[in-house]
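Beneath this line is the structure, given in structure tokens, with notes to follow.
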Amino acid sequence: MANEDLSKLKIPKTAEASRHVRVRIPVPLVAAGVLLVVLLFLYFQGALTPALEVDGVTVSKMYPSQAFTLLNASGYVVAQRKAAVAPKVTATLVWLGVAEGSVVKKGQVIARLENEDVSAQKNQAAANLNVARSNLEQASAELNDAAIALKREKDLLAKGYVAQADYDTAEARYKKAKAAVEGAEASIKAAVAALKGANVAIDYTLVRAPFNAVVLTKDADVGDIVTPIGAAVNAKAAVVTIADMSSLEVEVDVSESNLQQVRMGQPSVIQLDALPEARFRGEVSTIVPTADRSKGTVMVKVRFIDKDARILPEMSAKVSFLSRPAGKDEQTPFTALNPASVANRAGQNVVFLVKGNRAAMTPITLGARKGDMLEITAGVQAGDKIVAVPPAGLKNGSKIKVAEK
């Protein structure tokens, strides 16, 4: 009975199958859903939005003097007092006491040439002077003795104790002694002149700085033959080249058509390529009274009012000729933007920074208008790249394609 009852306990197959029935979603419908999700993601990421073509510009610093600049010109820093220092004689350089960059004073000995021969001449001249002085002493003693003898003979002749011939002999001796003294004095003068010439010859072998200056180049080394004419083979015509750094001026070429905008004493601003962040005050010192017909220009020299040890000869320079002097409050640069780069969004002044291929909206604070530019006191700084002219549809995060401007 028990086995019989157990055999009756069976679950129908239809009921079991109904428990495991699965709902099958069509594959095309699944793919369409995934595609929709991807498209929505790309849309919100901006990948499907076309990039706006805009011009890019870099924020820069501007000096107030640029607003009243009449003319710009380029040139070079040139020392107005410069010399290639050479000796007056030809000899071998045996000592050099300076190098490039050395500061020298007027009259300072900066080099010495071989001078054994002229030193010997000096010693000989000094010895000849001593001999001449000894001869003068001897001649003076002889003259003194002859003068005493002549006086004695004159007294004896007056008393009739000596003959006229004895007096004449004494007188002749006196005149001879006097002439000897004069000859000895002349010999001393000649010896003094010879000694002076020897000293001058020695001094010629000493190369001295003609004025306060800085050594620019070293043109000869110890062992070189230096000659003032430089005609000999392997000879050097100069020892060093020096320049008076206080005489530095900028020489620029101004077109003849713009020359009427330049005048003597005109205030200027000088910028050096080597010191791009610095501005130096200057003024026109010379307008050279001749033109270069090949270039159609006239040379104008601008002297530095502001001195700086970093300014060196032959540096490239740019000169801005101003209509008036720049005031003390116009010496500091400011961050400047073209007004076209500033947009208004929700009543706020903004610019759009270029961040890769995206535009980042950035609020800014405006200062005073200076010339054609706007002063920016906060929000951006020099070197930032922004959209030059933001289009009306540009917003924060917009995809952009930048063309440099």
Do we have any residue at all in region 201-216 that's within 30 Å of Lys82 (Cα to Cα) and of a type in the set (Ser, Thr, Tyr)? yes
Would you please list the contacts, defined by Cβ atoms under 6 Å and residues six or more apart or on different chains, that run from a residue in region 94-116 that is farther than 14 Å from Asn212 by Cα to a residue that is buried (at least 16 other Cβ atoms within 10 Å of the Cβ) and among the basic types (Lys, Arg)? Val94/Arg112; Trp95/Arg112; Glu100/Lys218
Please work out if Asn199 is within 30 Å of Leu96 (Cα to Cα) and assigned to a helix (DSSP H, G or I). yes
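How many of the residues in region 104-124 are over 23 Å from the mean Cα position of the chain (by Cα) and in a strand (DSSP E or B)? Quick ask: steps written out before the conclusion?
So the first thing to find is which residues in region 104-124 are over 23 Å from the mean Cα position of the chain (by Cα), and the list is 107-124.
Pick out the ones that are also in a strand (DSSP E or B) and you get 109-113.
Summing the residues that are over 23 Å from the mean Cα position of the chain (by Cα) and in a strand (DSSP E or B) in region 104-124 gives 5.
Any chance region 323-335 includes a residue that's within 30 Å of Ala79 (Cα to Cα), among the aliphatic types (A, V, I, L, M), surrounded by 14 or more Cβ atoms within 10 Å (Cβ to Cβ) and at pLDDT below 90? Steps first, please.
Of all residues in region 323-335, those within 30 Å of Ala79 (Cα to Cα) come to 323-328, 330-333.
Checking which are among the aliphatic types (A, V, I, L, M) leaves us with 326.
If we keep only those that are surrounded by 14 or more Cβ atoms within 10 Å (Cβ to Cβ) as well, we get 326.
Subset that is at pLDDT below 90: 326.
Yes, there is a match, as at least one residue in region 323-335 is within 30 Å of Ala79 (Cα to Cα), among the aliphatic types (A, V, I, L, M), surrounded by 14 or more Cβ atoms within 10 Å (Cβ to Cβ) and at pLDDT below 90.
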Every residue in region 153-165 that is of a type in the set (D, E, K, R) and surrounded by 13 or more Cβ atoms within 10 Å (Cβ to Cβ), please. Glu153, Lys154
Within region 214-229, take every residue that is out of contact with any strand residue (DSSP E or B) (no Cβ under 6 Å at 6 or more places or on another chain) and loosely packed, with under 15 Cβ neighbours inside 10 Å and give me the one that is farthest from Ala317 (Cα to Cα). Gly223
Just for region 216-274: of the residues that are farther than 28 Å from Arg310 by Cβ and among the charged types (D, E, K, R), which one is modelled with the lowest pLDDT? Lys236
So which strands (runs of 3 or more DSSP E) are wholly in region 271-389 and hold at least 2 residues that are out of contact with any Lys or Arg (no Cβ under 7 Å at 6 or more places or on another chain) and within 30 Å of Ile242 (Cα to Cα)? 275-292, 297-304, 316-322
Kindly provide the set of residues from region 236-270 that are assigned to a loop (DSSP other than H, G, I, E, B), over 16 Å from the mean Cα position of the chain (by Cα) and not β-branched (Val, Ile, Thr), ordered by number. Ala237, Ala238, Arg263, Met264, Gly265, Gln266
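Determine whether Glu100 is loosely packed, with under 14 Cβ neighbours inside 10 Å, more than 30 Å from Asn396 (Cβ to Cβ) and not assigned by TED's automatic domain parsing to the domain that holds Ala194.
Details: loosely packed, with under 14 Cβ neighbours inside 10 Å: yes; more than 30 Å from Asn396 (Cβ to Cβ): yes; not assigned by TED's automatic domain parsing to the domain that holds Ala194: yes.
For Glu100, the condition - loosely packed, with under 14 Cβ neighbours inside 10 Å, more than 30 Å from Asn396 (Cβ to Cβ) and not assigned by TED's automatic domain parsing to the domain that holds Ala194 - is met.
Test of understanding: among Ala220, Ala235, which residue is in contact with a Lys or Arg (Cβ under 7 Å, 6 or more places away or on another chain) and either on the phi > 0 side of the Ramachandran plot or in the same structural domain as Gly97 (by TED's automatic domain parsing) (or both)?
Ala220
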Taking region 46-60 and keeping residues exposed (fewer than 15 other Cβ atoms within 10 Å of the Cβ) and at pLDDT 75 or above leaves Thr58, Ser60
Test for Val262: is it in contact with a strand residue (DSSP E or B) (Cβ under 8 Å, 6 or more places away or on another chain), within 28 Å of Val85 (Cα to Cα), in contact (Cβ under 8 Å) with a residue 24 or more places away in the chain and buried (at least 18 other Cβ atoms within 10 Å of the Cβ): no
Cβ pairs under 7 Å, 6+ apart, first in region 277-300 and free of Cβ contacts under 8 Å to residues at least 60 places away in the same chain and in the same structural domain as Val250 (by TED's automatic domain parsing), second loosely packed, with under 12 Cβ neighbours inside 10 Å and of a type in the set (Gly, Ala, Ser): Glu283/Gly265; Val284/Gly265
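The values are calculated or read from the model by the stated rules, or taken from the named source; none is laboratory data. This one's a predicted model, so the numbers in the text were calculated from it and none came from an experiment. For neighbour counting, all protein chains shown are included, and Cβ atoms are generated from backbone atoms with ideal geometry for every residue, glycine included.
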